[in-house]
Amino acid sequence: MKRPVGVGLLGCGTVGAGVASILQANGGRIAGRAGGPVELRKVAVRDVNKPREAAIPPGLLTGDPWAVVEDPEVDVVVELIGGVEPARELISEALRRGKPVVTANKEVLARHGAELLALAARHGAHLMFEGSVAGGIPIIKPLQECLAANRVQSIMGIINGTTNYVLTGMSRRGVDFETALREAQALGYAEADPSSDVEGYDAAFKIAILASLAFETAVRVEDVYCEGISRITPADIEYGRELGYTVKLLAIAREEEGRLDVRVHPTFIPDSHPLAAVSDVFNAIFVQGDAVGELMFYGRGAGGLPTGSAVVADIMEAARRLRRGGTGLAPGPRRDLPVKPVEETVSRFYVSLRVVDRPGVLAAIAGAFGRHGVSINSVIQKGRFEDPIDLVFVTHEVQEAHLRRALAEIDQLDVVRNIGNVIRVEGPDA
Ligand SMILES: NC(=O)c1ccc[n+]([C@@H]2O[C@H](COP(=O)([O-])OP(=O)(O)OC[C@H]3O[C@@H](n4cnc5c(N)ncnc54)[C@H](OP(=O)(O)O)[C@@H]3O)[C@@H](O)[C@H]2O)c1
């Protein structure tokens, strides 16, 4: 292709405006690295009269997203609308036309990624999605290309900036969850309806994408066990600190004997772990490969310009492929690995209990743990001379089903007022 490569944007909100600004500000550099000019040709939005963060040249805006996909001057379609429909239909139509598609849409990829990659392969098109996970951090291409010689053993990530900001606030200032969330909302780091972030669904979409790439399978987001952060209390954070742990919302994926363990939940990690130092809205992904060993990718996981940086890099790759002729084939899933039910996964656990302060309480609880094969690594007692007091246990590794059975029995003990919290613990078993 000799002429400039034409780009069509579907959506010009936070990320779309970031992409348009980068294309304008760095046009010369982008042309040099993409083998020729890359030009914005059409931009579809819902409301063409709304003020935009980026200066979109007059005449490019349209209210009709199909006009972007169908425009013969648009060579690369960039989907930044979000959600499943109409994004899925628009991406599909662009791929059917053989056009490379760049998207940052984790939800459509987590729900329909395998189907879209297969469609891309059938039509000799290419589907790129570096911006879909962890915004500006390069992680998709490293998994697809740079680490391709490895058997990836595990991925552990802080891939939701909102929850990391909230947990950092709770840890630093001792405030409760609701206060830290309100602070995040006031600063624009949390949505008015924060449930997708706070309940872990956003991270579940992203880990489904990463696990699918790393383990070459199609992970269904419905199979990702997901637990949010709203039950974490300042007391849990304080007790964790005494035990040498920091709490993070972790997304975890591991391959174990032909099955995948994929989950999102609050997790205590040792203060010495590199992920413990990842604060505020920053994201990080910790990857272990059999050849490369341990790697960590760190940076801004959201925002118009950071995410735009990843999206524009994908656009440039699409432009280079178009200039070389042919769009290349998108890799699809090679294997079909089942996901382990969470009850069968093995972890260490932090368990906090409110109990009456009476002789024999510890023995009664330890007995119930023991009857279900749960062995205790450490115990701390809080609030002597108060009633009830807090007892905090950290277990050795145990299958989750056994822990749940032990807790069901402990909950029935008359000395136990209630089970406070149960939080998984990562890191070596002492
Ligand atoms: N925000 C981030 O930091 C970030 C980071 C990584 C990935 N992402 C992903 O990037 C995508 C875009 O996110 P965003 O934050 O940029 O969203 P956003 O600010 O809500 O922007 C969405 C854009 O899509 C347009 N739009 C919505 N429905 C449309 C339709 N039916 N036809 C045409 N245009 C339509 C909107 O038009 P109007 O402007 O007229 O309303 C708006 O310009 C999402 O998939 C998101 O998950 C976002």
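Approximating the spin labels as points 7 Å out from Cα along Cα→Cβ, the D414-to-H396 distance works out to 3.3 nm. Taking Cα centroids, how far is the stretch 198-222 from the stretch 360-382 in Å? The stretch 198-222 and the stretch 360-382 have Cα centres separated by 35 Å.
Each of the peptides 363-374, 88-99, 49-60 was scored by the mean count of other Cβ atoms within 10 Å over its residues; in descending order, highest first, they stand as 88-99, 363-374, 49-60.
The modelled label-to-label distance between E386 and A291, using points 7 Å beyond Cα along the C-beta direction, is 5.5 nm.
Couplings 3J(HN,Hα) for the stretch 69-77, derived from phi with the Karplus relation 6.51 cos²θ - 1.76 cosθ + 1.60 (θ = phi - 60°), are 4, 7, 5, x, 7, 8, 8, 10, 9 Hz, where x marks Gly and Pro.
Axis of helix 161-173 versus longest Cα principal axis of the chain: the two differ by about 40°, to the nearest ten degrees. Projecting the Cα atoms of G27, N160, V68 onto the charge dipole of the chain, computed from C-beta unit charges around the Cα centre, puts G27 farthest toward the positive end. The helix-based estimate of mean residue ellipticity at 222 nm for the chain, built from -39,500 (n - 2.57) per DSSP H run of four or more residues and divided by its residue count, is -10500 deg cm²/dmol to the nearest 500. In this structure, the amide hydrogen of E256, modeled 1.01 Å from its nitrogen in the peptide plane, lies closer than 5 angstrom to those of D261, counting only residues at least 5 positions away or on a different chain. Size descriptors for the stretch 178-294: radius of gyration and Dmax over Cα atoms are 15.4, 46 Å. With a Förster radius of 51 Å applied to the beta-carbon distance between D193 and M1, the computed FRET efficiency rounds to 0.70.
All other residues whose Cβ lies under 14 angstrom from that of L9 are scored, Lys and Arg at +1 and Asp and Glu at -1, for a net of -3. Compute the signed sum of charges (Lys and Arg +1, Asp and Glu -1) over the other residues within less than 10 Å, Cβ to Cβ, of P86. Value of the local net charge: -3. Put simply, when 397-407, 23-33 are sorted by average Cβ atoms within 10 angstrom per residue, most first, you get 397-407, 23-33. Summing charges over all other residues whose Cβ lies under 11 Å from the Cβ of H396, with Lys and Arg as +1 and Asp and Glu as -1, gives -1.
State which entries of K248/K382; K206/K248; K2/K141; K141/K248 exceed 20 angstrom in Cα-Cα distance in the structure shown. The pairs that break the limit, which is 20 Å between Cα atoms, are K248/K382; K2/K141; K141/K248.
At R0 = 45 Å, how high is the FRET efficiency between A118 and R172 if r is their beta carbon distance? Nearest 0.05 is fine. With a Förster radius of 45 Å, E is 0.45. Comparing Cα centroids, the stretch 1-68 and the stretch 273-295 end up 34 angstrom apart.
For the stretch 343-425, the mean projected area of the C-alpha convex hull, equal to one quarter of the hull surface, is 4.7 nm². Computed from Cα positions, the angle between helix 400-412 and the longest principal axis of the chain comes to roughly 40 degrees. Comparing the chain with the 2.2 N^0.38 Å rule of thumb, its C-alpha radius of gyration ratio is 1.10 (two decimals). Among rounded, prolate and oblate, which fits the stretch 74-233 when a ≥ b ≥ c are the square roots of the eigenvalues of its C-alpha gyration tensor, a/c under 1.5 means rounded, and a/b larger than b/c means prolate? It is prolate, given that a/c is not under 1.5 and a/b is the larger ratio. Measure nothing fancy, just the Cα-based angle from helix 304-324's long axis to the longest principal axis of the chain, in degrees from 0 to 90, nearest 10. The helix 304-324 is inclined about 50 degrees to the chain. Placing a label point 7 Å from the Cα of A25 along the Cα-to-Cβ direction, the residues of the stretch 292-307 with a backbone N closer than 14 Å are 303-307. Counting 0.36 nm for each residue step from R354 to R231 and taking away their Cα separation leaves a gain of 42.8 nm. Just the number, please: Stokes-Einstein D of the stretch 1-71 in µm²/s, Kirkwood Rh from C-alpha pairs, 10 °C, 1.306 mPa s. Here the translational diffusion coefficient equals 127 µm²/s.
No value in this document is a laboratory result; all are computed from the given coordinates. Nothing here was measured: the structure is a model prediction, and the numbers come from that model. Cβ: placed from backbone, ideal geometry, glycine included. Neighbour counts: every protein chain shown.
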